[in-house]
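The structure appears right after this line, and notes come after that.
The values are calculated or read from the model by the stated rules, or taken from the named source; none is laboratory data. Please read these numbers as outputs of a predicted model, since none were measured by experiment. Methodologically, a virtual Cβ is constructed for each residue, glycine included, from the backbone with ideal geometry; neighbour enumeration extends over all protein chains shown.
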Amino acid sequence: MDHEKVNILLVDDQPAKLLAYEVILKDLGENLVIASSGREALELLLKTEIAVILVDVCMPELDGFELAAMIREHPRFQKTAMIFISAIQVSDIDRLRGYEMGAVDYVPVPVVPEVLRAKIKVFAELYRKTRELERLNHELEDRVRARTAELENSTAKLRESEQRRSMAIAAGKMGSWDWDWISGDWMWDEGQYRIFGVSPETFEVNPANVQALLHPDDLDQLRKAIAEFNKGTRAYETEFRIIRPDGEVRWCVGTAAATVDDSSRVVRVSGVTVDITERKRAEERQNLLAREVDHRAKNALALAQSIVRLTRADEVKAYVSAVEGRINALARVHTILSLSSWQGAELSRLIDEELAPYSLGGQIMLAGPKVQLLPATAQTLALALHELFTNSAKYGALSTRSGRLTIGWQVEDQVLTLNWEESGGPLVITPKSRGFGTRSLLASVESQLGGQAQFDWRAEGLLCRLEVPLTRKSAATTASGKFEDASSAELQRASG
């Protein structure tokens with residue numbers, strides 16, 4: 001079998017001996033390197049990879065023992081095989097010294113060719129196998145390093161993927177679970193515990209404990225899912241409710257998939273749970289808002305219908321102006337309520353909206369705290385304020401630049417008291433009969449809101465006092481679905 005040749009260093013100060021060694025070792029088929037002195041041998045060692053050194057003990061300047069000691073001091077040659085050749089009788093002490101210097105064997109003179117060849121061959125093969133083993137070890141280490149790097153890279157990617165999955169699950173309010181169909185063992189991830197409002201340190205995942213957290217009305221969903229899997233269904237999805245230990249009810253959607261063995265028997269069921277409580281609440285709010293919008297639309301249409309039907313005027317132009325003014329008042333308060341998602345309207349905002357059509361400079365003074373009105377109260381009060389502003393602009397203080405209007409309000413015991421005081425305008429004469437605006441104002445405030453409206457037509461200006469309850473019980477006529485009927489009926493009576 002062909003093999004890679006190794007270098008054998010022959011060291012002797014006598015050329016004849018070197019030639020003899022070459023002849024003896026030629027048949028080994030190795031590379032023979034010649035050195036005629038110890039120093040030359042050291043130079044060759046530094047330049048060439050040597051497998052075995054054959055060195056004469058007796059040499060001038062640097063003998064074999066000294067050369068061996070110098071070779072062994074170098075880290076690179078601490079394991080290089082050295083064979084001493086001695087032409088003199090070697091004592092046990094000399095042998096011991098040689099071994100201490102690093103020799104691995106002795107060959108006496110006269111040299112027996114077969115013995116020398118056999119020893120050199122053994123050490124050459126040993127060197128070759130050692131080098132091969134080192135090479136294999138390096139390759140193995142390289143493969144181990146490469147494999148380790150691959151595993152670390154795969155582990156890092158898996159960890160990163162798991163982190164992304166955990167973040168996605170956490171962000172999506174999701175949890176995953178696994179159920180061993182045979183043993184009954186459960187496995188929940190962190191998201192699953194979080195959805196059910198329990199802790200992995202205190203909650204044992206088992207069928208009994210899990211069922212205890214399900215809403216009683218939804219237990220049949222679990223039984224149905226189990227039955228479906230037993231029938232051969234491979235996937236199942238359903239919505240259900242859970243009751244957390246703190247009593248909070250949460251809506252969830254569960255998706256499960258079955259794993260079967262070779263005989264199509266279910267062995268494992270895995271799934272994902274998604275908390276959809278917020279979506280359910282949003283749907284409920286949307287449905288409620290849709291019903292509310294429908295109710296508000298009917299309410300506005302009923303008001304508009306009553307306004308159109310009951311408004312009186314001597315000429316078309318005056319009629320159109322009156323109708324438009326009242327419809328615009330409704331539109332303005334509707335806009336305010338829409339911007340608040342029909343949660344209510346602030347009183348000063350209503351007044352500002354009614355003031356907007358008039359450029360009155362400093363004729364009007366407002367004074368009062370922030371008051372949040374319910375939608376029904378806001379709509380009715382907006383129409384009342386519109387009638388007051390319209391009458392004042394036509395006949396009262398706002399009809400002349402010298403007129404002044406003071407609007408002040410306060411809240412006590414959930415009752416809003418609004419004082420409207422005019423002065424500096426034309427001389428006021430108490431009307432013999434109430435017009436549509438005054439009668440509709442009285443009807444809406446007193447009948448719809450359960451409040452009171454008082455008018456005092458003083459000569460120096462109108463004084464009006466409105467008392468309006470702010471509580472939902474008193475002001476929620478529209479919320480109960482009666483606003484349309486009340487609006488029409490009261491306005492009809494006002495027109496009578």
Test result for T380, surrounded by 15 or more Cβ atoms within 10 Å (Cβ to Cβ) and at pLDDT 90 or above: no
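Matching residues to (1) modelled with pLDDT under 80; (2) hydrophobic (A, V, I, L, M, F, W, C); (3) assigned by TED's automatic domain parsing to the domain that holds V415:
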position: G254; (1), (2), (3): no, no, no
position: V266; (1), (2), (3): no, yes, no
position: V269; (1), (2), (3): no, yes, no
position: N299; (1), (2), (3): yes, no, yes
Identity of the residue in the range 183-204, within 22 Å of V267 (Cβ to Cβ) and of a type in the set (F, W, Y), that ends up modelled with the highest pLDDT: W188
Cβ pairs under 6 Å, 6+ apart, first in the range 127-144 and closer than 21 Å to I50 by Cβ and assigned by TED's automatic domain parsing to the domain that holds K79, second surrounded by 10 or more Cβ atoms within 10 Å (Cβ to Cβ) and among the β-branched types (V, I, T): Y127/V6; R128/V6
Members of the range 137-182 that are closer than 19 Å to V205 by Cβ, of a type in the set (S, T, Y) and modelled with pLDDT of 85 or more: S176
In the range 22-41, residue modelled with the highest pLDDT [restricted to those that are closer than 17 Å to A68 by Cβ and assigned to a helix (DSSP H, G or I)]: E40
First in the range 225-251 and touching a residue at least 40 places away in the same chain (Cβ under 8 Å), second anywhere and hydroxyl-bearing (S, T, Y) and surrounded by 12 or more Cβ atoms within 10 Å (Cβ to Cβ), Cβ under 6 Å, 6 or more apart: R250/T277
Members of the range 262-293 found to be surrounded by fewer than 12 Cβ atoms within 10 Å (Cβ to Cβ) and among the polar types (S, T, N, Q), listed by number: S263, S264, Q286, N287
Tally, over the range 195-217, of residues that are assigned to a helix (DSSP H, G or I) and free of Cβ contacts under 8 Å to residues at least 24 places away in the same chain: 6
